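> Would you mind keeping the following structure in view while I ask a few things?
The values are calculated or read from the model by the stated rules, or taken from the named source; none is laboratory data. It should be emphasised that the depicted structure is a prediction, and the values quoted were computed from it without experimental measurement. Cβ coordinates were reconstructed from backbone atoms using ideal geometry, including for glycine residues, and neighbour counts include every protein chain displayed.
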Amino acid sequence: MKKFMLSCVALGAIAVAAPALAADLPTRGPVYKAAPAAPLFSWTGFYVGGHVGYGWGDATAQNNGWGSANTHGWFGGGQIGYNYQFAPNWVWGAEADISAGAISGDSSASPLTRQFKTDLFGTARLRLGYAVDRTLFYGTGGLAWANSKANWIDDRDTQTNIGWALGGGIEYAFAPNWTAKIEYMHADYGHDDYAILPTTSISLKTDTVKLGVNYLFGTGGR
């Protein structure tokens, strides 16, 4: 009987002590925790950048035998703008740019010197795009202006052309605050009178493709 009672006491002591002993034992193997999700890129913020590109176009006389000039050439410049991301993948913004170069060509109407050249141009536009994390697909449109020169033998005149621009592009964030883009733009400047002999009304249209890099003053990749 005593042995039975001693056995019951011993088993009870073991039952009470077992959880405490188990708590003191070292845990076997590493404890893994789920890695925090990488934050999505934010396009919101001001940005500034530069670009280079190639342009081509058509300058056509409306009222005499000046003919038309197929223009083409390289250019470079800079841009500044602002993006705001909402809802949550849409991005709207505004951008202004200016470019300098030599998009020029000779008229086909005569062997006499008849040349047209656009050496300075720019736009002020709105943008609307859809972001897939670090990639932004966008369309853009707004005001376009150009500084253009018409030559006929020894007569020269310069006009500031005002019109509209419409285009689109793809922009990719390759670093937390840096993006690169490729963009196509069509601009139609209507027609302007140039004081060359005789006075000539010339319509101007251009197309451009540019590669650009921007620095975003925003949260970026956080």
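> If residue 160 passes every condition in (1) at pLDDT 95 or above; (2) of a type outside the set (Asp, Glu); (3) surrounded by 14 or more Cβ atoms within 10 Å (Cβ to Cβ); (4) under 17 Å from residue 103 (Cα atoms) but one, which one does it miss?
The one condition residue 160 does not meet is (3).
> Also: Here are 213, 209: which of them is surrounded by fewer than 20 Cβ atoms within 10 Å (Cβ to Cβ), at pLDDT 95 or above and either within 12 Å of the chain's Cα centre (by Cα) or aromatic (Phe, Trp, Tyr) (or both)? Please lay out each step first, then the result.
Working: 209 fails: either within 12 Å of the chain's Cα centre (by Cα) or aromatic (Phe, Trp, Tyr) (or both).
The unique qualifying residue is 213.
> So if I check each of 81, 55, 45, which one is out of contact with any Pro (no Cβ under 6 Å at 6 or more places or on another chain) and closer than 25 Å to residue 190 by Cα? It would help to see each step written out before you state the result.
Values: 81 fails: closer than 25 Å to residue 190 by Cα; 45 fails: closer than 25 Å to residue 190 by Cα.
Of the residues listed, the single one that is out of contact with any Pro (no Cβ under 6 Å at 6 or more places or on another chain) and closer than 25 Å to residue 190 by Cα is 55.
> Same structure, new question: For segment 49-106, name all the residues that are under 19 Å from the mean Cα position of the chain (by Cα) and outside any strand (DSSP E or B).
Selection gives 88, 89.
> While we're looking at this one, here's another question. For segment 118-145, name all the residues that are surrounded by fewer than 20 Cβ atoms within 10 Å (Cβ to Cβ) and either among the charged types (D, E, K, R) or under 20 Å from residue 178 (Cβ atoms) (or both).
Scanning segment 118-145 gives 119, 132, 133, 134, 135, 137.
> Checking the structure you have, find out if any residue of segment 194-203 is modelled with pLDDT under 95 and on the phi > 0 side of the Ramachandran plot.
No - not one qualifying residue is present in segment 194-203.
> A further question follows. Can you find even one residue in segment 168-177 that is modelled with pLDDT of 95 or more, of a type in the set (D, E, K, R) and either crowded, with 21+ Cβ neighbours inside 10 Å or under 25 Å from residue 119 (Cα atoms) (or both)?
For segment 168-177, residues modelled with pLDDT of 95 or more, of a type in the set (D, E, K, R) and either crowded, with 21+ Cβ neighbours inside 10 Å or under 25 Å from residue 119 (Cα atoms) (or both): present.
> Something else about it: Tell me which of these residue 185 doesn't satisfy, since it passes every other one: (1) more than 17 Å from the chain's Cα centre (by Cα); (2) touching a residue at least 12 places away in the same chain (Cβ under 8 Å).
Unmet condition: (1).
> Moving to a separate point now. Among the residues of segment 178-206, what is the count of those that are farther than 17 Å from residue 107 by Cβ and surrounded by fewer than 17 Cβ atoms within 10 Å (Cβ to Cβ)? Reasoning before the result, please.
Step one: list which residues in segment 178-206 are farther than 17 Å from residue 107 by Cβ, which gives 178-190.
Subset that is surrounded by fewer than 17 Cβ atoms within 10 Å (Cβ to Cβ): 178, 180, 182, 184, 186, 188, 190.
Within segment 178-206, residues that are farther than 17 Å from residue 107 by Cβ and surrounded by fewer than 17 Cβ atoms within 10 Å (Cβ to Cβ) number 7.
> Which condition number does residue 152 fail, the rest of (1) of a type outside the set (A, V, I, L, M); (2) closer than 14 Å to residue 187 by Cβ; (3) more than 23 Å from the chain's Cα centre (by Cα) being met?
The number of the failed condition is (2).
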